[in-house]
Amino acid sequence: MAASRFDTRWRVISASVAGPNHTSLGIENQDNLRQGPVGDGLHLLAVADGAGSQPRSAHGSRLSVEAAWEAADRTFVKAPRTLDQWHETTRRYATACLTQFDELVERAITPLRNRPTATGVTSVSRSEFATTLLAIVADPPWFAYVCVGDGFLVMERSPGGSRLVIPPPSGRQAANETVFMTSPGRDRDLRCGLIVDTGARGLALCTDGLIDGMLDVGRGPDGIGLLCAPEDFDAYFAAFRTPGVDGSELSRKLQSREFAASSGDDKTMLMAVLR
């Protein structure tokens, strides 16, 4: 596929590392990511976090970013031009992500369903593929997003610096009730929308293993604690805007003792910076 308009001006850096909890048990990284040109000259950025409690969650997270890719390639076959077109296409894209994911999961389950084994008959359910999804379809200054679960997006803009623009859902996070792409209430908890920002110069899509390591807790006007991007988040964007600093540097950062101590979960960050 030809390069997107995004490719000519933006640089993408990514890293995904297994958390210390999984490393100690020899379990694979259950996060996945995907990025690249889609549709009519647009660009997809997507991260997914498989649920550690489910046996096929790593497969589910791969299917989740694949669904985001395939849905974007079809939905944005003609790039929207007006605000109304962007809103309408974003809604269709959100629906297409869910539909495509369901189709991919069903396709994965079919050959496994009712397979005889030495101990009986294998029964596979879609809940075993539990995963979150955060996907951005970018054609700056337009950024369409779809979010299921507790991934989050930090955006850097000029002027203004870094801001947490898609936060993890704090109520469910506190109650440890993450909504997954396989959850019964998924459609109700789906978040999708459009960000339009001519000042955008950096994006950081993150899975929930980075909440404690990357975000601070501030105070809202009512005194209630709110997650926010720390002031030094700008330094991440600045560092990876520098030619020669690549994903290997980001991987080392995510595997550092500092980040390992913040969370035992897998950690994935997909960054895009204006050159």
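Bear in mind that the values in this text are calculations on the coordinates, not laboratory data. Given the structure is predicted, the values throughout are model-derived calculations rather than measurements. Every residue, glycine as well, gets a Cβ built from its backbone with ideal geometry; the counts of neighbours run over all protein chains shown.
If we sort 35-41, 102-108, 184-190 on the protection proxy, mean other Cβ atoms within 10 Å, highest first, what's the order?
Ranked from most to least packed, the peptides come out as 35-41, 102-108, 184-190.
Under 5 Å between amide H atoms, partner at least 5 residues away or on a different chain: which partners does T182 have, H built in plane at 1.01 Å?
It is T131, by chain and number.
Based solely on its DSSP helices, what 222 nm [θ] is calculated for the chain when runs of n ≥ 4 H residues each add -39,500 (n - 2.57) and the sum is averaged over all residues, nearest 500 deg cm²/dmol?
For the chain, the value works out to -10000 deg cm²/dmol.
By counting other Cβ atoms within 10 Å of each Cβ, how are T207, T132 ranked from fewest to most?
Ascending number of Cβ neighbours within 10 Å: T132, T207.
Determine the gain in length on full extension of the stretch D246-T82; use 0.36 nm per residue of separation and subtract their C-alpha separation, reporting nm with one decimal.
Stretched fully, the D246-T82 segment lengthens by 55.5 nm.
For region 1-114, just say rounded, prolate or oblate: build the C-alpha gyration tensor, square-root its eigenvalues into a ≥ b ≥ c, call rounded for a/c under 1.5, and beyond that prolate if a/b exceeds b/c, oblate if not.
Note, shape of region 1-114 comes out oblate.
Rule-of-thumb check for the chain: C-alpha Rg over 2.2 N^0.38 Å?
Working it through for the chain, the quotient is 1.00.
For region 73-169, what does the convex hull of the Cα positions come to per residue, in cubic angstrom?
About 124 Å³ per residue, rounded to a whole number.
Going by amide H atoms built from the backbone, whose H comes under 5 Å of the H on V38, apart from near neighbours?
HN-HN under 5 Å from V38: H43, L44.
Based on alpha-carbon centroids, what's the gap between region 176-251 and region 50-116 in Å, whole number please?
21
Can you list residues whose amide H is under 5 Å from L227's amide H, if they're 5+ apart or on another chain and H is modeled 1.01 Å from N?
G218
Pick out the long, greasy-scoring helices in the chain: whole DSSP H runs spanning 27 Å or more along their own axis by Cα, mean Kyte-Doolittle at least -1.0.
83-109
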